[in-house]
Amino acid sequence: MRPQCSSCQSIYVRRTHRVGAFEQMLSVFYAYPFRCQLCSARFTFFQWGVRYDKQEDLRQYERIGVQFAVLFSSAQTVGKGVVTDVSVADCAFETSLPLKPGETLKLELYAKTGRPPIIVERAVIRSIRKRIVGVQFIEISETDKTRLHRLVGDLVGVPIAPVPQASAPVRW
């Protein structure tokens, strides 16, 4: 039996790291924490007889390889780049402009031609390797968050519910 999200029923889930003594103890009884890759829900799933090795990749979300334009801006910089991978919580993009870890950016993700961009009001640069910048999304409107979840769902072939009309920012 495969793990399934208890909130949205998606099977697009990923095992995540254990937090605290209680989750460590549960793993003795084959119950492991998972994170839904579409709705971000965290849940525990029982898998009798299954043992997991220690996770090497500590990312909560699986990134999906893509190629689409991004415009970004900060207090000092305005630039463009190409998104190379994306998840519901972060992305990586390639740019030739010099940026610094910890810097805060506003992003416009042009994922679909003819559609308005997905706006991330605040993203923090977590890593820079060569010309690839890894950012974590910090603040995004509910509408754009839903559009981002729908994009990820489309990329992996999992349908998502219709987009709501709310537009208040959401903080993660």
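Take segment 1-120, drop everything but the C-alpha atoms, weight them equally and run the Debye formula without solvent; then report log10 I(q)/I(0) at 0.09, 0.21 Å⁻¹ to two decimals.
Debye curve over Cα of segment 1-120, log10 I(q)/I(0) at q = 0.09, 0.21 Å⁻¹: -0.36, -1.12.
Under the rule of at least 5 residues apart or a separate chain, name every residue whose amide H is placed under 5 Å from the amide H of THR84.
Amide H neighbours of THR84: ALA92, PHE93, GLU94.
Hey, got the dipole for the chain? About the Cα centre, +1 on K and R Cβ, -1 on D and E Cβ, debye to the nearest 20? Before the final figure, lay out each step's value.
Numbers: 24 positive and 15 negative charges, 35 e Å.
Roughly 160 debye, rounded to the nearest 20.
So what is the relative contact order for the chain, in percent, with contacts set as C-alpha pairs under 8 Å and at least six apart?
Numbers: 352 pairs, mean separation 24.7, N = 172.
Relative contact order for the chain comes out at 14 percent.
What order do you get for ARG35, ARG131 when you list them from fewest to most C-beta neighbours inside 10 Å?
Working: ARG35 21, ARG131 15.
Going from sparsest to densest Cβ surroundings: ARG131, ARG35.
Grab the alpha carbons of segment 64-171, take their convex hull, and tell me the volume per residue in Å³. Display every interim value, and only then the final one.
Values: hull volume 10.5 nm³, N = 108.
So the per-residue Cα hull volume is 97 Å³.
DSSP loop chymotrypsin sites (Phe, Trp or Tyr not before Pro) in segment 9-52 with at most 12 other Cβ atoms within 10 Å of their Cβ, which ones? Spell out each step's value before the answer.
Details: sites: TYR12, PHE22, PHE29, TYR30, PHE34, PHE43, PHE45, PHE46, TRP48, TYR52; in loops: TYR12, PHE29, TYR30, TRP48, TYR52.
Here the chymotrypsin sites (Phe, Trp or Tyr not before Pro) that fit, given the DSSP loop and packing criteria, are PHE29, TRP48, TYR52.
Per-residue ellipticity at 222 nm for the chain, helices alone: DSSP H runs ≥ 4 residues times -39500 (n - 2.57), over residue total, nearest 500 deg cm²/dmol? Don't jump to the answer; show the numbers that get you there.
Values: 2 runs with 24 residues, N = 172.
Helix-only estimate at 222 nm: -4500 deg cm²/dmol.
If Lys and Arg each add +1 and Asp and Glu each add -1, what is the summed charge of the other residues whose beta carbon sits under 13 Å from the beta carbon of ALA41?
+3
Below 29 Å Cα-Cα, how many Lys pairs turn up in the chain? Only count pairs eight or more apart in sequence, or on different chains, if you could.
So the count of such lysine pairs works out to 14.
May I have the extent of the alpha carbons of segment 85-146 along their three principal axes, as whole Å values ordered from largest to smallest?
Its Cα atoms span 31, 23, 17 Å along the three principal axes.
Any read-out appearing in this document is the output of simple, stated calculations on the displayed coordinates, not a laboratory observation. This one's a predicted model, so the numbers in the text were calculated from it and none came from an experiment. Methodologically, a virtual Cβ is constructed for each residue, glycine included, from the backbone with ideal geometry; neighbour enumeration extends over all protein chains shown.
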